[in-house]
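The values are calculated or read from the model by the stated rules, or taken from the named source; none is laboratory data. This one's a predicted model, so the numbers in the text were calculated from it and none came from an experiment. Because the Cβ atoms are built from the backbone with ideal geometry, glycine has one as well, and the counts that use them run over all protein chains shown. We work out accessible area using only protein heavy atoms, side chains counted, and drop any ligands, DNA or RNA first. Shrake-Rupley method; radii C 1.70, N 1.55, O 1.52, S 1.80 Å.
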Amino acid sequence: MVSRVIPVEVFDLVIFGATGDLARRKILPSLYRRFFAGQIPPQSRIVGAARSEIGLDDFRALVAGAITEFVSKDKRDPEVIAAFLTTLEYVAIDARGDTGWDALKSHMRKEATRAFYFSVAPELFGDLAERLHSWRIAHHHARIVVEKPFGRDLETARALNATLASHFTESQIYRIDHYLGKETVQNLMAVRFANLLFEPLWNAQFVDHVQITVAETVGVEGRGAYYDKAGAMRDMVQNHMMQLLCLIAMEPPYHFDPDAVRDEKLKVIKALQPVFQEDIVRGQYRAAAGAPGYPEDAGDPDSRTESYIALKVHLANWRWKGTPFYLRTGKKLRARASEIAITFKEPPHSIFDDAPGWRENVLVIRLQPNEGMNLKVMIKEPGPGGMRLVQVPLDMSFAEALGEEGADIPDAYERLIMDVIRGNQTLFMRGDEVEAAWAWTDPIIAGGEEQGERPRPYDPGSSGPEDALMLMHRDGRRWREIQQ
Ligand code: BG6
């Protein structure tokens, strides 16, 4: 299979916070990979802007280091790296003062697409937006890219939206949720809307329940200060898991077009029902085998922030009324595994009387790792002695099915940054979508705080707290094993 790379137009991309962790780990290596793939015209310019008083050579050295560290060896070609480094510029800038803005302006070219990546603390968004305007650096075609966290509740998200809206129109604002850039997440739309097979069964009449799992093996790893103010609900559910839920539950958009897709996702979020506290289980990993527990990692021995959360969610609409969606995510679990499992109802009547082995069909979409799909179907167990049934997998690994191309799955940021340059907002969150997500999330967080209960402890390397099992057992259902 031949990979189709369509070069984007020449651009000037300014990365505010260019010496920070996200830029080093994700943004710059992703840009390099797209350059290596031939998608970025060499006349494009990537301008690092940050507080550090370093020179261009230092910045190039930093980027070269990031490439060595985060780009796989097969893509590290010295000539290509050298050419990539020549696209870089650096400006030491003060987001709240006047230093550096003149220099930044001098790097902007009239004919190039202009984009500004705000890879900085949200408190600086307003200052940056304001200065980009007062220095006349951002014209009305310019795009800005903003990272999560987009607010910490509805009120702060609204304030951020208002700040950005005072300088940019909605069509210029690209709010990143990197889950939407993952190939397998986009694939959810392809599977649903490019196949007739699933759609007729994709509703409460045929689906018993849906499980969405995002399990991680890492802890909070030096991000304790941020994480302790967020917790799994803000860090993962309000954004990434909400997006997965939207893509699974939404109606077919009339076209694969930014507003058509986002309108449908918004309807899902608005149909989300308030969640009862008894349908929520919060957990915290404990210390084990010399490794610190969550409170130590967070730097607060008394922390009540959850590093795990499981919840049962309902949608009040025609398609899904009565089908629960069970969501769970957590740190330091037994495996890194993200998947969506759709469990169908049993056939209305069995012609096989009490044939042993009867199970429901399950469609599992593995998002990472081992990206692929698995449909569990019933067949007859071979051999004499009557009709015995056995459940077998129709298993597909995307890597195997797609050959070489399937094995080379691009990082989410590669796709998203190129979409910014192309001016395609389909995989970015609209302001009203983010606000609706917070409007649903806020009472869940407030309810937990009001209750004041400590999160349930769980062992690192386990599947989470015992109580999470009960959340499903109570309904006569079971979580799938967390495994790679
Ligand atoms: C981030 C969260 O947005 O997503 C992290 O802040 C989390 O806590 C990460 O680890 C998970 O992303 P991925 O791509 O590794 O699944």
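Converting phi to 3J(HN,Hα) with the Karplus coefficients 6.51, -1.76 and 1.60 and the offset θ = phi - 60°, the stretch 49-61 yields 9, 7, 6, 4, 7, 9, x, 4, 5, 5, 5, 4, 5 Hz in sequence order, with x at every glycine or proline.
Database remark: amide H of PHE116 closer than 5 angstrom to the amide H of VAL14, ARG143, ILE144, VAL145 (H placed geometrically; neighbours at sequence offset of 5 or more, or on other chains; Pro and chain starts carry no H). Compute the long axis of helix 258-271 from its Cα atoms, compare it with the longest principal axis of the Cα atoms of the chain, and write down the angle in degrees, 0 to 90, nearest 10. The angle comes out at about 50 degrees. By a 1.4 Å probe calculation restricted to protein chains, HIS240 has an accessible surface near 0 Å², given to the nearest 10. Entry note, the chain: the mean residue ellipticity at 222 nm calculated from DSSP H runs of n ≥ 4, each adding -39500 (n - 2.57), is -9500 deg cm²/dmol after division by the residues and rounding to the nearest 500. In the complete set of protein chains, residue-level accessible area for ARG366 is approximately 50 Å², probe 1.4 angstrom.
The mean of 1/r over all distinct Cα pairs in the stretch 207-349, once inverted, gives the Kirkwood hydrodynamic radius of 16.7 Å. Evaluating 6.51 cos²θ - 1.76 cosθ + 1.60 at θ = phi - 60° for every residue in the stretch 463-477, the Karplus couplings come out as 9, x, x, 3, 4, 5, 5, 4, 3, 9, 3, 3, 9, x, 10 Hz, glycine and proline recorded as x. Give the angle, between 0 and 90 degrees and rounded to the nearest 10, that separates the Cα long axis of helix 431-451 from the longest principal axis of the Cα atoms of the chain. Roughly 60 degrees, rounded to the nearest 10.
Only lysines eight or more places from LYS75 in sequence, or on another chain, were considered; those with a Cα closer than 16 Å are LYS26.
Cross-link pairs exceeding 31 Å between alpha carbons, from the set LYS73/LYS376; LYS105/LYS267; LYS229/LYS376; LYS73/LYS265; LYS345/LYS380: LYS73/LYS376; LYS105/LYS267; LYS229/LYS376; LYS73/LYS265. The amide H of PHE428, built 1.01 Å from its N in the peptide plane, has no neighbour under 5 Å, considering only residues 5 or more places off or on other chains. When all protein chains stay in place and ligands, DNA and RNA are ignored, the 1.4 Å accessible-area order of ARG422, ARG234, largest first, is ARG422, ARG234. DSSP finds beta bridges in the chain, and of those with both partners inside it, around 55 percent are antiparallel. Starting from the amide H of LEU88, placed 1.01 Å from N in the peptide plane, find each other amide H under 5 Å away whose residue is 5 or more places distant or on another chain. Those lying under 5 Å, H to H, from LEU88 are ILE46. With all projection directions averaged, the alpha carbon convex hull of the stretch 340-484 covers 15.0 nm². Altogether, the Stokes-Einstein calculation at 37 °C and 0.692 mPa s, with the Kirkwood radius of the stretch 438-484 over Cα pairs as Rh, returns a diffusion coefficient of 254 µm²/s.
Taking all protein chains together and a 1.4 Å probe, the residues HIS107, HIS139 rank HIS139, HIS107 from largest to smallest accessible area.
When TRP202, TRP318 are compared by accessible area of protein heavy atoms, the largest-first order is TRP318, TRP202, using a 1.4 Å probe. Calculated on the alpha-carbon coordinates, the convex hull of the stretch 96-215 measures out at 179 cubic angstrom per residue. For the stretch 1-90, the alpha carbon convex hull comes to 90 Å³ per residue, rounded to a whole number. The radius of gyration of the Cα set in the stretch 259-329, together with its Dmax, comes out at 17.3, 51 angstrom. Across the stretch 22-34, coupling constants 3J(HN,Hα) worked out from phi with the 6.51/-1.76/1.60 Karplus curve, θ = phi - 60°, read 5, 4, 5, 7, 10, 5, 5, x, 5, 4, 4, 4, 5 Hz, and Gly and Pro carry x. Calculated on the Cα set of the stretch 126-275, radius of gyration then Dmax: 18.1, 58 Å.
Rounded if a/c is under 1.5, else prolate if a/b is larger than b/c, else oblate: which is the stretch 320-359, with a ≥ b ≥ c the root eigenvalues of its Cα gyration tensor? Oblate, since a/c reaches 1.5 and b/c is not below a/b. Placing unit charges on each Cβ (+1 for Lys and Arg, -1 for Asp and Glu) gives the chain a dipole about its Cα centre, and among ALA50, LEU311, VAL210 the Cα reaching farthest toward its positive end belongs to VAL210.
If you model the chain as an ellipsoid using its alpha carbon gyration tensor, with each semi-axis the square root of five times an eigenvalue, the axes come out at 41, 26, 22 Å, biggest first.
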